Amino acid sequence: GSVGRVLRAGAALLAEGNLSEEEDSEVREQMNLLNSRWEHLRVASMERQSRLHEVLMDLQNNQLQQLTQWLDVTEARIKKIDSQPLGPDLEDIKHQVEEHKVGFL
(Lines give C-alpha, C1' and ligand atoms only; values in the text may rest on other atoms or scores of the structure.)
Protein backbone atom coordinates (compact mmCIF):
# COMPACT_ATOMS: atom_id res chain seq x y z
CA GLY A 1 0.00 0.00 0.00
CA SER A 2 2.72 2.45 0.94
CA VAL A 3 4.68 1.84 -2.25
CA GLY A 4 1.56 2.37 -4.33
CA ARG A 5 0.81 5.63 -2.53
CA VAL A 6 4.35 6.90 -3.14
CA LEU A 7 4.18 5.99 -6.83
CA ARG A 8 0.77 7.67 -7.18
CA ALA A 9 2.11 10.80 -5.44
CA GLY A 10 5.08 10.84 -7.80
CA ALA A 11 2.79 10.44 -10.80
CA ALA A 12 0.62 13.28 -9.51
CA LEU A 13 3.67 15.52 -9.15
CA LEU A 14 4.69 14.75 -12.72
CA ALA A 15 1.16 15.30 -14.01
CA GLU A 16 0.95 18.74 -12.42
CA GLY A 17 3.85 19.88 -14.56
CA ASN A 18 5.12 22.34 -11.93
CA LEU A 19 8.54 20.69 -11.63
CA SER A 20 11.74 21.86 -13.24
CA GLU A 21 13.32 19.55 -15.79
CA GLU A 22 15.87 18.42 -13.19
CA GLU A 23 13.17 17.77 -10.55
CA ASP A 24 11.04 15.94 -13.10
CA SER A 25 13.98 13.74 -14.02
CA GLU A 26 14.79 13.06 -10.36
CA VAL A 27 11.19 12.11 -9.51
CA ARG A 28 11.05 9.76 -12.50
CA GLU A 29 14.37 8.17 -11.53
CA GLN A 30 13.27 7.70 -7.91
CA MET A 31 9.94 6.23 -9.03
CA ASN A 32 11.71 3.80 -11.37
CA LEU A 33 14.15 2.83 -8.62
CA LEU A 34 11.35 2.30 -6.09
CA ASN A 35 9.31 0.29 -8.58
CA SER A 36 12.35 -1.84 -9.48
CA ARG A 37 13.20 -2.53 -5.83
CA TRP A 38 9.58 -3.33 -5.04
CA GLU A 39 9.39 -5.79 -7.94
CA HIS A 40 12.64 -7.43 -6.86
CA LEU A 41 11.31 -7.79 -3.31
CA ARG A 42 8.01 -9.21 -4.58
CA VAL A 43 9.78 -11.84 -6.74
CA ALA A 44 12.15 -12.79 -3.90
CA SER A 45 9.18 -13.12 -1.56
CA MET A 46 7.35 -15.41 -3.99
CA GLU A 47 10.47 -17.57 -4.42
CA ARG A 48 10.87 -17.85 -0.65
CA GLN A 49 7.22 -18.77 -0.23
CA SER A 50 7.63 -21.45 -2.88
CA ARG A 51 10.71 -22.89 -1.13
CA LEU A 52 8.90 -22.88 2.21
CA HIS A 53 5.97 -24.70 0.63
CA GLU A 54 8.32 -27.35 -0.78
CA VAL A 55 9.99 -27.84 2.62
CA LEU A 56 6.61 -28.12 4.31
CA MET A 57 5.47 -30.71 1.78
CA ASP A 58 8.65 -32.74 2.33
CA LEU A 59 8.17 -32.64 6.10
CA GLN A 60 4.55 -33.71 5.77
CA ASN A 61 5.53 -36.58 3.47
CA ASN A 62 8.19 -37.71 5.94
CA GLN A 63 5.67 -37.63 8.79
CA LEU A 64 3.19 -39.62 6.72
CA GLN A 65 5.85 -42.21 5.93
CA GLN A 66 6.76 -42.50 9.61
CA LEU A 67 3.11 -42.86 10.55
CA THR A 68 2.61 -45.52 7.88
CA GLN A 69 5.62 -47.45 9.15
CA TRP A 70 4.37 -47.22 12.73
CA LEU A 71 0.93 -48.39 11.68
CA ASP A 72 2.44 -51.33 9.76
CA VAL A 73 4.52 -52.37 12.78
CA THR A 74 1.56 -51.96 15.13
CA GLU A 75 -0.72 -53.94 12.84
CA ALA A 76 1.86 -56.74 12.65
CA ARG A 77 2.14 -56.79 16.45
CA ILE A 78 -1.63 -56.95 16.84
CA LYS A 79 -1.82 -59.85 14.41
CA LYS A 80 0.95 -61.61 16.34
CA ILE A 81 -0.87 -61.04 19.64
CA ASP A 82 -4.12 -62.34 18.16
CA SER A 83 -2.41 -65.49 16.94
CA GLN A 84 -0.94 -66.37 20.35
CA PRO A 85 -3.06 -68.44 22.69
CA LEU A 86 -3.73 -67.10 26.19
CA GLY A 87 -2.73 -68.84 29.34
CA PRO A 88 -2.80 -71.52 30.32
CA ASP A 89 -2.99 -70.06 33.84
CA LEU A 90 -3.49 -66.61 35.37
CA GLU A 91 0.24 -65.96 35.90
CA ASP A 92 0.95 -66.67 32.22
CA ILE A 93 -1.84 -64.34 31.19
CA LYS A 94 -0.48 -61.56 33.47
CA HIS A 95 2.98 -62.07 31.96
CA GLN A 96 1.56 -61.87 28.41
CA VAL A 97 -0.32 -58.67 29.26
CA GLU A 98 2.87 -57.07 30.61
CA GLU A 99 4.79 -58.07 27.46
CA HIS A 100 2.11 -56.46 25.30
CA LYS A 101 2.16 -53.26 27.37
CA VAL A 102 5.93 -52.93 26.99
CA GLY A 103 5.69 -53.52 23.25
CA PHE A 104 3.21 -50.67 22.76
CA LEU A 105 5.13 -48.07 24.74
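The values are calculated or read from the model by the stated rules, or taken from the named source; none is laboratory data. If you're wondering where the values come from, they're calculated on a predicted model, not measured in any experiment. Don't worry about glycine lacking a Cβ; one is built from the backbone with ideal geometry, like all the others, and counts go over all protein chains shown. For accessibility, only protein heavy atoms count, side chains too; no ligands or nucleic acids. Shrake-Rupley method; radii C 1.70, N 1.55, O 1.52, S 1.80 Å.
The table that follows gives values for the structure above.
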{"item": "Matching residues in the stretch 28-75 - criterion: being hydroxyl-bearing (S, T, Y) and over 30 Å from H100 (Cβ atoms)", "result": "S36, S45, S50"}
{"item": "Residue in the stretch 23-47 that is nearest to V3 (Cα to Cα), counting only those that are acidic (D, E) and surrounded by 12 or more Cβ atoms within 10 Å (Cβ to Cβ)", "result": "E26"}
{"item": "Residue that is surrounded by 10 or more Cβ atoms within 10 Å (Cβ to Cβ) and not in a helix (DSSP H, G or I), where the choices are L14, L19, L67, L7", "result": "L19"}
{"item": "All positions within the stretch 86-105 that are of a type outside the set (A, V, I, L, M, F, W, C), open to solvent by 100 Å² or more (accessible area, probe 1.4 Å) and not in a helix (DSSP H, G or I)", "result": "P88"}
